[in-house]
Structures are given as C-alpha cells and as structure tokens.
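> One structure coming up, written as structure tokens, with questions to follow.
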Amino acid sequence: MSEPPACEVIDPADASNCPKGHRCESCGTEHGELAVETTTNRRLGTFCLTMCRRCAAFGQDVPIALSTAMRLVEQHLEHLGECYGPSSDGPRAY
Ligand SMILES: [Zn+2]
Ligand SMILES: [Zn+2]
C-alpha cells in the first residue's frame, strides 16, 4: 500500500525535491559546500535557492531581483508537486 501523500502534508518550505545548482545563487561561488535552502518572500511566496554555507547563514536577506524571485517561486511550486501547481484548481497537466 503506497498512497501519494495528501496535499496538506506537503510543506512549502520542503526543499527535498529541489535540484541543487552548481553555484551559490547569492554570491556566485562554485566552491565549498552548497545546499538548497528555501526562503519565504512576504509578497511572492516560498522559493528555493542554492546557497553556500556562508550565504545560507544570512538566510532571508538574499539580494535578488523581483523578476528572478517570481521565476524561482514558480519553479519551486513545480518542485513541490502538483498539489501546489498553478493549475491545482483545474485539470491536472500531468
Ligand atoms: Zn554564497
Ligand atoms: Zn524548489
């Protein structure tokens, strides 16, 4: 028996499905330990960023362009799965 998880149990801050990038999205370094962190923008929503440990320590204060943040929010919704997808009220795309 393996039922898909109910939508309500999906945490928007869950980064376990997010692909890790090759460089820190904040400072651009390709060295050191990189990890996917989620951050929540009060206006836009939750999105994920690949960050080095140094930048991750600053967490919420990543300097990021509005247009980039909007794109990241959309991409992160896809990482979370169909429950949070843009068409969750209509027919499922997949
Ligand atoms: Zn960094
Ligand atoms: Zn993501």
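> Which pairs do you get when a residue that is crowded, with 19+ Cβ neighbours inside 10 Å, found in segment 22-39, comes within reach of a residue that is of a type in the set (Lys, Arg) and not in a strand (DSSP E or B), reach meaning Cβ atoms under 8 angstrom, with the pair 6+ apart or on two chains?
What qualifies is LEU34/LYS20; LEU34/ARG23; VAL36/LYS20.
> Then there is this: What number of residues in segment 40-61 are of a type in the set (A, V, I, L, M) and either in contact with a His (Cβ under 9 Å, 6 or more places away or on another chain) or buried (at least 19 other Cβ atoms within 10 Å of the Cβ) (or both)? Give the derivation first.
Residues of segment 40-61 that are of a type in the set (A, V, I, L, M), as a first pass: 44, 49, 51, 56-57.
Right, trim to either in contact with a His (Cβ under 9 Å, 6 or more places away or on another chain) or buried (at least 19 other Cβ atoms within 10 Å of the Cβ) (or both) and you get 49, 51, 56.
Adding up the residues that qualify gives 3.
Bear in mind that the values in this text are calculations on the coordinates, not laboratory data. Worth saying up front: this structure is predicted, and the values here are computed from it rather than measured. Heads up, the Cβs are rebuilt from the backbone with ideal geometry, glycines too, and the neighbour counts pull from every protein chain shown.
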